[in-house]
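Novice: Supplied in structure tokens, the structure appears directly below.
The values are calculated or read from the model by the stated rules, or taken from the named source; none is laboratory data. Note that the structure is predicted; figures quoted are calculated from it, not measured. Cβ: placed from backbone, ideal geometry, glycine included. Neighbour counts: every protein chain shown. Side chains included, ligands, DNA and RNA excluded: accessible areas come from the protein's heavy atoms. Shrake-Rupley method; radii C 1.70, N 1.55, O 1.52, S 1.80 Å.
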Amino acid sequence: KPQKIRDVMVAMEDRIRSEEFETWRSSFVNEHVDVFTFDDENKLEYTDIHRKYEAKIEEFMVSALPPECPVEEFMAQLPGFLEGPGAKDEAIGKAATTLLEASDFEQFRNMMLFTKKEREQAGPNSEQLLNGVSINSAQADGKSLGVDHAALMDMCAQLARSNDASGWEECLKLDWMRIDRRPVEADRRRSPSDIYLRGVWTMNLSFVECVDMMFNLSDLRKEWDPNYSGVRFPFGGDWYGSDTVVTSVDVDFGYLMNLVMNGGRPFTLTCKNYRRWDVPSAGSVTFAMVPWDLARNDVDRNHKMLSIKTGTIEPHPTLPDKVVMTTLECNTMGGMPSWALHWMLRATAPSMMRNMESRYIANVRAKGLTTDLTPAGIKAGTRPQTKVAPNKSSSCSVS
């Protein structure tokens, strides 16, 4: 019966979110994490370990079944329930997502690699190891470009107009993008590991489309950004007409990554956003996202995940249907081995950007849903509909 199937699914979700499951998961990860390496290859060993992981998850799920409901009977009735009575049930959608994500191979591999990275950071000389999601040292005082967003925006805009490679070391190069690094100047450095990371991306989007993809925080964003859940404006304003505004954006990286990174809770990322139109040249835009502390209404100098990020979007100099986006950030990844930095960059930024672009083209451009968020478009009356997310407890936030 539908109610019984619903109760079982919710009970299964509770089992996967239980303290008992988390204790087992942590032990399993600790036992197998050293097998995983920072390269692009999905080794056979990974598959074998994942199968053991899946088998134990199935045990937890089956343990939620009441005695009068055999596994075979439940599985036979489940598809019809999900397509029928459960299709519009929010609790069932949430439970199904949790159960699917708990056994997903990509999430499993990402969980293992994230845990391995965290271990390396916690070891001896951790300041010299991978610390890409921390900006504590880069934000220690106002002289650091990690805090001075205006200086970082100026530098990004200048780099967008220059082909000067002096002092920059290539980290990653593909046919449509490259990422370089350079040490932060000695008088601005708070750690020997402080570096600039510069990215140059050729996007298969027009200027208006790229601006829409990067800045749009309406519900339509879910069409190309699967991690986006909603937005709030703690100090008022809006994201489309305000070129300086604080936003609290809810993001969901999936059950396993949320579990490892934030105790199973989704994240709220709070930033102060800046945009400078026609910088460095007419028809371009330079922007910055600065981690923000709501209580102090100031830069968050101890953010767990974010560094200050800046970017410049310009029309491609020769291809009218493309743009060039230059990105720049200051972080403490300079002490990590070159191979590890290469893997991290290859495994994250390019795939994320390419996937967003592909989904935008398929779900927005192809349907004629592009919103013109340029000053001309806003002046012409663009007013996207934004569903403001409800306020959340700070205990569920890393803002």
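Novice: Of all residues in segment 218-232, which are assigned to a strand (DSSP E or B) and under 13 Å from residue 252 (Cα atoms)? If you could, list the steps in order and put the result at the bottom.
Specialist: Of segment 218-232, the ones assigned to a strand (DSSP E or B) are 228-232.
Scanning segment 218-232 gives 228, 229, 230, 231.
Novice: OK, next. Inside segment 30-138, counting only helices (runs of 4 or more DSSP H) that do not spill past its ends, which hold 2 or more residues that are modelled with pLDDT of 75 or more?
Specialist: Working: elements: 44-62, 71-83, 90-103, 105-122.
Per the criteria, 44-62, 71-83, 105-122.
Novice: For residue 34, state whether it is acidic (Asp, Glu), open to solvent by 40 Å² or more (accessible area, probe 1.4 Å) and within 26 Å of the chain's Cα centre (by Cα). Steps first, answer last, please.
Specialist: On the way: acidic (Asp, Glu): yes; open to solvent by 40 Å² or more (accessible area, probe 1.4 Å): yes; within 26 Å of the chain's Cα centre (by Cα): yes.
Yes: the conditions hold for residue 34.
Novice: Quick one: count up the residues across segment 249-303 that are hydroxyl-bearing (Ser, Thr, Tyr), surrounded by fewer than 20 Cβ atoms within 10 Å (Cβ to Cβ) and modelled with pLDDT under 85.
Specialist: Applying the first criterion (hydroxyl-bearing (Ser, Thr, Tyr)) to segment 249-303 yields 255, 268, 270, 274, 281, 284, 286.
Retained after the next criterion (residues that are surrounded by fewer than 20 Cβ atoms within 10 Å (Cβ to Cβ)): 274, 281.
Adding the requirement that they be modelled with pLDDT under 85 leaves none.
Residues flagged as hydroxyl-bearing (Ser, Thr, Tyr), surrounded by fewer than 20 Cβ atoms within 10 Å (Cβ to Cβ) and modelled with pLDDT under 85 within segment 249-303 amount to 0.
Novice: Here is a follow-up. In the list 164, 187, which residue meets the criterion of being in a helix (DSSP H, G or I), more than 28 Å from residue 369 (Cβ to Cβ) and open to solvent by 40 Å² or more (accessible area, probe 1.4 Å)? So that I can check it myself, show each step before the final result.
Specialist: Numbers: 164 fails: in a helix (DSSP H, G or I).
After ruling out the rest, the residue left standing is 187.
Novice: Are there any pairs, at least 6 apart or on different chains, whose C-beta atoms fall under 7 Å, with the first in segment 299-319 and more than 25 Å from residue 267 (Cβ to Cβ) and the second charged (D, E, K, R), and if so, which?
Specialist: Qualifying pairs under 7 Å: 316/322.
Novice: Within the group 311, 335, which residue is out of contact with any strand residue (DSSP E or B) (no Cβ under 8 Å at 6 or more places or on another chain) and either assigned to a strand (DSSP E or B) or at pLDDT below 85 (or both)?
Specialist: Numbers: 311 fails: out of contact with any strand residue (DSSP E or B) (no Cβ under 8 Å at 6 or more places or on another chain).
Criteria check complete, one pass: 335.
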